[in-house]
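Accompanying notes for the structure given below.
Bear in mind that the values in this text are calculations on the coordinates, not laboratory data. This one's a predicted model, so the numbers in the text were calculated from it and none came from an experiment. Every residue, glycine among them, receives a Cβ derived from its backbone with ideal geometry; neighbour counts consider all protein chains shown.
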Amino acid sequence: MIMVAWESGRFYLHLARRRKIRTVINVNGTRGKSSVARLLAFALKEAGYKVMAKTTGTIPQIITVDGKVEEIKRGDYPNINEQMDTVGKAARSGAEVLVAECMAVDPNYQKVAEEKMLMSDIGIITNARTDHREVMGSTVEEIAIALCNSIPRRQVVFTAERKHFSIIEKKAKRKGSRAVLSRDPSFITDEMMKPFPFLEQRENVALVLEVCKHLGVSEEMALRGMYKTIPDPGILTSIKFAHQNKWFEFINAFSVNDPDSLITIWERMTKGLPEDLTKMILFNARSDRPIRSIDTGAAFAGLPVDVFLVTGQAGDIFQRALVKGGVPRDRIVHLGMARPKKTFEICCAKASEKNFVFCAGNIKDRGMEFIEFVEKMESSI
């Protein structure tokens, strides 16, 4: 059952608030929603727009018109009525533009959030990847179709999804909208990426530049704003330090949830690493995402990994997927619900002189706790 408050008085008040906002942008997709929403918000702020953004990545947050970050306090479970509250807050703050990350996974909820709440002027579908298969569909094609529920009617939708663009284009036409495919990210140079103070994906930058072009913001101005972005707390980061005569690089990819993206990031981050370096994967498995653990375990089984460290309530599921994929059991260490300090100690015990530790799975609970622990280790050196 979709829990939406449709009392006539409240709904008409919501419509009045929505009309006060010139442009609403609904950001959906499998991977990169929070990053794209934040990059776009800061790019438009640089251009002089009064922008409010809402993201639901690692921690649900509001980026206010004056650039402050506020955490959204929730009850036990998120409810899509929150999008109505977001519209109200944006209207009261005098925002000209609201950039809102889609918070729904269920396709029906996505449809209601778009058509009854956000009623967006611009839609964004970052990409379609293998994740949330238990709700969105068993194939990437079905997932792409599900994501199209957030396409606005008689407007425009931007996407970086090349493989399944035809699906998005077809669904957009049915709604009287136009689908725009962003340029291939190969045009994004190293010089354009260098000023980012965090690890960002070229695909995300290219997509944001496409939307900015549509809104009349120059590439130079958009990039200048993106460099000022306050990233999501779970942004892809590299943490490097030495400990007990051993060198470590930890990659925080806990917030990257689909196997395709994880493999792409792994290949990019391990390219050119020394051959004598020990490669580890630390995977945090959530009990409510068993299919994600199975899919990622199958994908990771083919990687050249020396040690797998498995933590979380569903660690057994991920371990079985690794073994089924041909990983020897003696290369897998099941940590259960070990605290960060214990996890790091076991990591050190398995380490050589130089080590690369790729952290993936889920940012919640043990994931965030471990990253905060190693960040403290880095800052204390």
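Which of Arg74, Arg18, Arg92 ends up with the largest GNM mean-square fluctuation for the chain, with Cα atoms connected below 10 Å?
Judging by the Gaussian network model, the answer is Arg74.
What net charge is computed for the residues neighbouring Lys228, neighbours being all others with C-beta under 11 Å from the C-beta of Lys228, Lys and Arg scored +1, Asp and Glu -1? Walk me through the intermediate numbers first.
Values: positive: Arg38, Lys45, Arg224; negative: Glu46.
Result for the neighbourhood of Lys228: +2.
Express the relative contact order of the chain as a whole percentage, based on alpha carbon pairs under 8 Å and six or more residues apart in sequence.
Details: 745 pairs, mean separation 59.2, N = 381.
It comes to 16 percent, rounded to a whole number.
Taking the Cβ of Lys45 as the center, what net charge do the other residues with Cβ under 11 Å away carry, scoring Lys and Arg +1 and Asp and Glu -1? Please list the in-between numbers first.
Details: positive: Arg38, Lys50, Arg224, Lys228; negative: Glu46, Asp66, Glu96.
In short, +1.
With a 10 Å radius around each residue's Cβ, average the other Cβ atoms per peptide and rank 261-273, 31-43, 349-361, 198-210, highest first.
Details: 261-273: 15.1, 31-43: 27.5, 349-361: 19.2, 198-210: 22.4.
Averaged packing, sorted descending, gives the order 31-43, 198-210, 349-361, 261-273.
Towards the positive end of the charge dipole of segment 8-226, with charges on Cβ (+1 Lys, Arg; -1 Asp, Glu), say which of Gly9, Pro195, Val208 has the farthest Cα.
Farthest towards the positive pole: Gly9.
How many angstrom lie between the Cα centre of segment 292-318 and the Cα centre of segment 78-133?
Segment 292-318 and segment 78-133 have Cα centres separated by 32 Å.
In this model, which of Lys50/Lys213; Lys20/Lys111; Lys50/Lys175 are farther than 20 Å apart at the alpha-carbon? Mind showing how you got there, number by number?
Numbers: Lys50/Lys213 17 Å; Lys20/Lys111 22 Å; Lys50/Lys175 29 Å.
Where the Cα-Cα span goes over 20 Å, the pairs concerned are Lys20/Lys111; Lys50/Lys175.
Considering the chain as a Gaussian network with a 10 Å cut-off on Cα pairs, which listed residue, Ile62, Ile251, Ile188, attains the greatest mean-square fluctuation?
Ile188
Based on DSSP, what percent of beta bridges with both residues in the chain are antiparallel, to the nearest 5?
Bridges in the chain are about 25 percent antiparallel.
Rounded, prolate or oblate: which fits segment 311-367 when a ≥ b ≥ c are the square roots of the eigenvalues of the alpha-carbon gyration tensor, with rounded for a/c under 1.5 and prolate only if a/b beats b/c?
On the way: a/c = 1.78, a/b = 1.11, b/c = 1.60.
Note, shape of segment 311-367 comes out oblate.
Rounded to a whole number, what is D in µm²/s for the chain from Stokes-Einstein with the Kirkwood radius over alpha-carbon pairs (20 °C, 1.002 mPa s)? Present the calculation step by step, with values, prior to reporting the outcome.
Numbers: Rh = 21.6 Å.
Calculated translational D: 99 µm²/s.
Would you report the distance distribution of C-alpha pairs in segment 237-380 as whole percents per 10 angstrom bin, up to the bin with the largest distance?
P(r) for segment 237-380, in whole percents per bin: 12, 48, 36, 4, 0.
List the lysines whose Cα sits under 26 Å from the Cα of Lys240, skipping any in the same chain fewer than 8 residues away.
Straight-distance partners of Lys240: Lys194, Lys228, Lys271, Lys279, Lys341, Lys342, Lys350, Lys354, Lys364, Lys376.
Could you give the dipole magnitude of the chain about its Cα centre, charging the beta-carbon of Lys and Arg +1 and that of Asp and Glu -1, in debye to the nearest 20? The partial results should precede the final answer.
Details: 57 positive and 47 negative charges, 211 e Å.
It works out to roughly 1020 debye.
Pick from Asn149, Asn127, Asn81: which is most flexible by mean-square fluctuation in a GNM of the chain where alpha carbon atoms under 10 Å apart are linked?
Top of the fluctuation ranking is Asn81.
Of the listed peptides 342-348, 115-121, what is their order by residue-averaged count of other C-beta atoms within 10 Å, with the highest listed first? Don't skip to the end; give the middle numbers.
Details: 342-348: 17.0, 115-121: 20.7.
Top to bottom by mean Cβ count within 10 Å: 115-121, 342-348.
Determine the shape class of segment 1-141: with a ≥ b ≥ c the square roots of the Cα gyration tensor eigenvalues, call it rounded for a/c under 1.5, and otherwise prolate if a/b is greater than b/c, oblate otherwise. Provide the component values of the computation, followed by the final result.
Values: a/c = 1.68, a/b = 1.18, b/c = 1.43.
Cα axes put segment 1-141 in the oblate bin.
Give me the net charge of Asp330's neighbourhood, meaning all other residues with Cβ under 12 Å from the Cβ of Asp330; Lys, Arg count +1, Asp, Glu -1.
Values: positive: Arg329, Arg331, Lys350; negative: Asp306.
After counting each charged neighbour, the total is +2.
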